[in-house]
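Working notes, structure below.
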Amino acid sequence: MNEFEHIGFSYQEDLPEQIASDFMNDVRRGGMVVRGESRPIGYYAGIEWAVSTLVVVYVLRPYFEAFLGEAGKDHYAALKRAILRLFVKIYGAKPETRPSGRSLVFSVRSVVRDGRSIKFVFPEGISYEVYEKILEELLALLAEHHAEGGGDRLGEIVSVSSGTGGALYVEYSVSEGGWVLLDPKDEARKRGKAAPTSRGGGVDLPDGS
């Protein structure tokens, strides 16, 4: 990624190329610069919220520098629309029927003001209406965080953590109805001696993608 790119799109190489190209074209039509990168099919083992998801959308710092404020509303709407269209293709007609839990299919990564990376961990087993609500809140949190003045709810969420290697992880809690910080030490205690999450092989997409 470079200083002129607004959105990044990283995906496992067996994602149907049409899905990748459709998303990037949707973003470009919204007036944003996007770069796509495919990743080799690999085997990942680790904590489920830390591993790379099959599809990752990066909202990069130049996006906030270029599109904050009133002038950015059209770009915000275009990005939201592109991601929602992507959801339909990767989650199928009834995403609420998928097993509940933390998604290994989709995530968003960005950066906070002090330069640390942040990963937004999405849930599965929820409806498109809930996905839309989650996405709206995520984009609003990032815009608010990078704007000058006003509130900073994202800053408050992550303020209690120093991160792991500089990285921050937050997830959407359906039960709490909002984004919450993931504490690596607390998560490790919860897992105890449980086997690590592993993922490899092909993309788990609905039929017809």
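Each value in this text was obtained by applying a stated rule to the coordinates, not by laboratory testing. What you are looking at is a predicted structure, and each value in this text was computed from that prediction instead of being measured. Here the Cβ positions follow ideal geometry from the backbone for every residue, glycine too, while neighbour counts run over all protein chains shown.
A few points about this structure:
- Modelled spin-label separation between ARG81 and GLU156, with each label point placed 7 Å from Cα along the Cα-to-Cβ direction: 3.3 nm.
- Annotated for region 7-193: lysine pairs at least 8 residues apart or interchain, Cα distance under 21 Å, count 11.
- Kirkwood hydrodynamic radius over Cα pairs of region 7-193, then Stokes diffusion coefficient at 10 °C and 1.306 mPa s, in µm²/s: 93
- Extended-chain gain in nm, criterion 0.36 nm per residue less alpha-carbon gap, VAL88 and VAL33: 17.5 nm
- In sequence order, region 89-94 has phi-based couplings of 6, 9, 10, x, 6, 10 Hz under the Karplus curve 6.51 cos²θ - 1.76 cosθ + 1.60, θ = phi - 60°, and Gly or Pro positions carry x.
- In order along region 11-23, phi translates into HN-Hα couplings of 8, 5, 5, 8, 5, x, 4, 5, 5, 5, 5, 4, 4 Hz, rounded to whole numbers, per the Karplus curve 6.51 cos²θ - 1.76 cosθ + 1.60 with θ = phi - 60° and x for Gly and Pro.
- Simple spin-label estimate for SER173 and SER117 gives 2.6 nm between the two label positions (7 Å along the Cα-to-Cβ direction from each Cα).
- Computed from point charges on the beta carbon alone (+1 for Lys and Arg, -1 for Asp and Glu), the dipole magnitude for region 63-135 about its Cα centre is near 240 Debye.
- Amide H contacts for VAL111 (H built 1.01 Å from N in the peptide plane; partners 5 or more residues away or on another chain; cut-off under 5 Å): ILE118.
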